[in-house]
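Single-structure report; data block below.
The values are calculated or read from the model by the stated rules, or taken from the named source; none is laboratory data. For clarity, every value in this text was computed on a predicted model and none was experimentally measured. Quick reminder, even Gly has a Cβ in these numbers, built from the backbone with ideal geometry, and neighbours come from all protein chains shown.
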Amino acid sequence: MDKLRRWSGGGVLGFVGFMLSPLSWWNDLFINVPLAIAFAWMIALVYPPAFMAAALVGYWLSNVLGFVLMHKSAEVALDRKSSRPLWRRLLVDLGVSLLYTLLIAALVHFKFIKPPEALVQLNMSK
């Protein structure tokens, strides 16, 4: 029974992490972007000019949280205890997310991938 509980708990964490992570790019419109906008609204209550920057940070944080949850789900499901301290594990997850972000930015910059037309038009309108 303990193994079933561990696997199901790890599975739920993994599913939520996958849905938040950039590995499930197709769900951004329904999950990550609304979370980022909610985060930006909360920041904008205190400092309205920071809305757009807060939305970008909120979006990135939702992706980081997805990676962290997927990593944690594997630890729970496999009953593995890491010897590394929590701050170090979070730092590694943050680093992986930062590298992923830089990779996507480089691919867009060197025109290997093209951003959605709406983002390009939004950027051009300023």
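F112 meets each of the listed conditions (1) modelled with pLDDT of 80 or more; (2) in a helix (DSSP H, G or I) apart from (2).
Within the range 75-91, restricting attention to residues that are at pLDDT below 80 and of a type outside the set (D, E, K, R), the residue that is nearest to P22 (Cα to Cα) is L90. Among the residues of this structure, D28 counts as one that is within 23 Å of G11 (Cα to Cα), surrounded by 15 or more Cβ atoms within 10 Å (Cβ to Cβ) and either in contact with a strand residue (DSSP E or B) (Cβ under 8 Å, 6 or more places away or on another chain) or among the acidic types (D, E) (or both).
So for the range 9-31 (the condition being over 10 Å from the mean Cα position of the chain (by Cα), under 19 Å from R89 (Cβ atoms) and hydroxyl-bearing (S, T, Y)), does at least one residue qualify? Within the range 9-31, none of the residues are over 10 Å from the mean Cα position of the chain (by Cα), under 19 Å from R89 (Cβ atoms) and hydroxyl-bearing (S, T, Y). Listed by position, the helices (runs of 4 or more DSSP H) contained in the range 1-80 that have at least 3 residues being within 18 Å of L99 (Cβ to Cβ) and not basic (K, R) are 51-78.
The set of residues from the range 31-71 being surrounded by fewer than 18 Cβ atoms within 10 Å (Cβ to Cβ) and under 30 Å from L4 (Cβ atoms) comprises just one member, I31.
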